[in-house]
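The values are calculated or read from the model by the stated rules, or taken from the named source; none is laboratory data. As the structure is a computational prediction, the values presented were derived from the model and not from experiment. Heads up, the Cβs are rebuilt from the backbone with ideal geometry, glycines too, and the neighbour counts pull from every protein chain shown. For the accessible areas, the whole protein counts, side chains as well, though only heavy atoms, and no ligand, DNA or RNA atoms are used. Shrake-Rupley method; radii C 1.70, N 1.55, O 1.52, S 1.80 Å.
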Amino acid sequence: MTDLLLIFFGAIFINNFVLARFLGICPFLGVSKKLETAVGMGLAVTFVMTMASAITFGVNKLLLRFNLGYLDTITFILVIAVLVQFVEMILRKYSPGLYQALGIYLPLITTNCAVLGVALINIDPSAGYNFIQATVNGFAGGVGFTLAIILFAGLRERLEFAPLPKAMEGFPIALILAGLVSIAFLGFSGFRLQALLGL
Amino acid sequence: MKDRWRVFANGIFGENPIFRLVLGMCPTLATSTAVANALGMGLAATFVLVCSNVIISLLRNIIPDEVRIPCYIVVVATFVTIVDKVMAASAPGLHQVLGIFIPLIVVNCIILGRAEAFASKNSVSRSFMDGLGMGLGFTLGLLLLSIIREPLGEGTFLVAEDFGFEGLRVIAEDKQVLMFILPPGAFITLGLVLAGINKLVAKLSTVWAQKGGE
Amino acid sequence: MSKISKDQLRLVLVLTLIAAISAGILAIVNHLTEPKIKEAERKATNEALALCLPGAGDFREELLPAGAGGDVSEVYRGYFNDKPAGVVVKVEPRGYGGKISMMVGITAEGKVAGIKVLSHSETPGLGAKIRKDDFLQQAAIRESGLGNPPALVRDGGKVEAITNATISCRAVVRGINQALVVAESFLAPAAGGPEASAGRSDSKE
């Protein structure tokens, strides 16, 4: 249980997928102009990352059994693409409300490198995760992404009417802002999780 | 022939993937910590871009529209795996540093974007030049960032352990600005460089406008 | 959807064909590069082994002894002209950013002969300096051994930690200590050492 807590909090605060590992930057910058859409994107990514972690972990075991380890990247990305399509279909049929809210972001998730990234991190032999740890890592990675994008969207909404030099408008100021949020997250990396969790 | 070179130059300047299109941000931020890493990442992406552009252009009349995205992904993933394996065999140190960012070239928006927007509609030779231009434009962008970040953050320049090059010490040890190689430094450096380039482009276009229709 | 049309058949056919060709190409590439990747890994291991135990020419991997610390992953016995010359232990203690993979060489007399950090994910510019000679080659580490286990100044020993990187340095020291424990069970004359050789010769030189 303690290892799961360490993975969970570590993936959210210390090795945040966006701010420390540079995964999922495209949606982080692209879909963070409004708080509402940021929340939607965060939820959709969390869902897909959790599912993808669980499925690709099993798929990798299968590949290794048949000595096909070199096909991991190509298989994972196809699994993720199919998964995203599948989620889209299920949502459209059974939860039109949620589909309305997330629908436009779902196709974008296939090319979100946080999803393929977490799948590849999970199978890294030096991490040595088991199935449960991998799934928790995927879920926590998604929660970390959601936290980062919500914080960032809140800041960007306030920035909208700030007077800025023309050259700084848009991406440049967004990147500098992301740098400041990232500095704030560096503060977490000083925490000793083991001590905090009383382990 | 002139048309081919225009396509090539467009990738490097007019539509530079990092500075003009603002695509492929993840590897840009993550691998521009040192010049050697930036060069390795840039060339790996260039190889994948050129090869996938050529193959997709060759197959553009065979691939049915409905399944084109999965087909593109398979083609790109194949070349990415080739790069991954070749790099692991020839430059293991660099391969270890770049880590998952090599396989993540698969989901780099630049590559799928060029497949969809250019290679699927253009001849093989034009697609080749587009891939080469975009790839080198990406590499140049990475190099520019790493040339700022490595000396300031690490205090060294051009360290390449795989090739036995020790690098030059630019700033005395313990005097460097560590922030530049940490994640916040990546965001802030890219933001400032982007703003500088925006300013430059704005200035150049007013100069050209004043010259009037030349 | 009662009948599969010709067009749909074509979709499936093209996608399958492309996937099959890709898999074929990758199988060939894998076949060509795998020996080279293995070779590069073996070369890196051998270089690290030779660096950690300069007196030995031949290394053989051994089974981990009972009671080895949790971070110990591999043990090699070093030989010089078929005479035991010491032990090299691979340990992976948890540092600040993740596992620090390192090798520690210990001579037959029980002295630390060399340390090599193979990989780590410590903070660049801070914890990452554990790779540097300034830290690893300091007297308190170089002169440590079985009767003289290293410890940080802060923990009552003599090893100077790198400023602002105590956790990383403490992890390296913990690794050395675990290596010493393993070496002790191999070098102790009474125990004779578990002769269960894994039977893998990792070096020809």
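Within the stretch A:158-199, the set of residues being modelled with pLDDT under 80, touching a Ser or Thr at 6+ places or on another chain (Cβ under 9 Å) and surrounded by 14 or more Cβ atoms within 10 Å (Cβ to Cβ) comprises A:S189 only. The C-beta contact set for the stretch A:62-75 (first residue within 11 Å of another protein chain (Cβ to nearest Cβ) and closer than 10 Å to C:L26 by Cβ, second residue in a helix (DSSP H, G or I) and open to solvent by 30 Å² or more (accessible area, probe 1.4 Å), distance under 7 angstrom, 6+ apart or interchain) comprises A:Y70/B:K85; A:L71/C:A23. Looking across the stretch A:21-74, the residues that are part of a loop (DSSP other than H, G, I, E, B) and under 20 Å from B:I100 (Cβ atoms) come down to A:R21, A:F22, A:L23, A:G24, A:L68. When the residues of the stretch C:79-93 are filtered to those that are within 19 Å of C:N177 (Cα to Cα) and either open to solvent by less than 30 Å² (accessible area, probe 1.4 Å) or small (G, A, S) (or both), the one that is nearest to the chain's Cα centre (by Cα) is C:V91. Would you confirm, using the coordinates I've provided, whether B:L98 is more than 30 Å from B:E166 (Cα to Cα), open to solvent by less than 40 Å² (accessible area, probe 1.4 Å) and away from chain C (no Cβ under 12 Å)? Taking the combined requirement at face value, the residue does not satisfy it. Note on the stretch B:57-71: among residues that are touching a Ser or Thr at 6+ places or on another chain (Cβ under 8 Å) and charged (D, E, K, R), the one that is nearest to the other protein chains (Cβ to nearest Cβ) is B:R68. I'd like to check something: does the stretch A:138-155 contain any residue that is modelled with pLDDT of 85 or more, aliphatic (A, V, I, L, M), more than 24 Å from A:T73 (Cα to Cα) and over 18 Å from the mean Cα position of the chain (by Cα)? For the stretch A:138-155, residues modelled with pLDDT of 85 or more, aliphatic (A, V, I, L, M), more than 24 Å from A:T73 (Cα to Cα) and over 18 Å from the mean Cα position of the chain (by Cα): present. Filtered by the rule that a residue be open to solvent by 40 Å² or more (accessible area, probe 1.4 Å), touching an Asp or Glu at 6+ places or on another chain (Cβ under 9 Å) and in a helix (DSSP H, G or I), the stretch C:47-65 gives a lone residue, C:A50. Filtering B:V54, B:V7, B:V35 for residues that are away from chain A (no Cβ under 14 Å), open to solvent by 20 Å² or more (accessible area, probe 1.4 Å) and more than 11 Å from the chain's Cα centre (by Cα) leaves a single hit, B:V54. Determine whether the stretch B:140-154 contains at least one residue that is within 27 Å of C:L17 (Cβ to Cβ) and either more than 13 Å from chain C (Cβ to nearest Cβ) or in a helix (DSSP H, G or I) (or both). Checked the stretch B:140-154: no residue is within 27 Å of C:L17 (Cβ to Cβ) and either more than 13 Å from chain C (Cβ to nearest Cβ) or in a helix (DSSP H, G or I) (or both).
Being under 19 Å from B:M41 (Cα atoms), out of contact with any Lys or Arg (no Cβ under 9 Å at 6 or more places or on another chain) and within 13 Å of chain A (Cβ to nearest Cβ) is true for just one of B:G133, B:G113, B:G196, B:G191. Which residue is that?
B:G113
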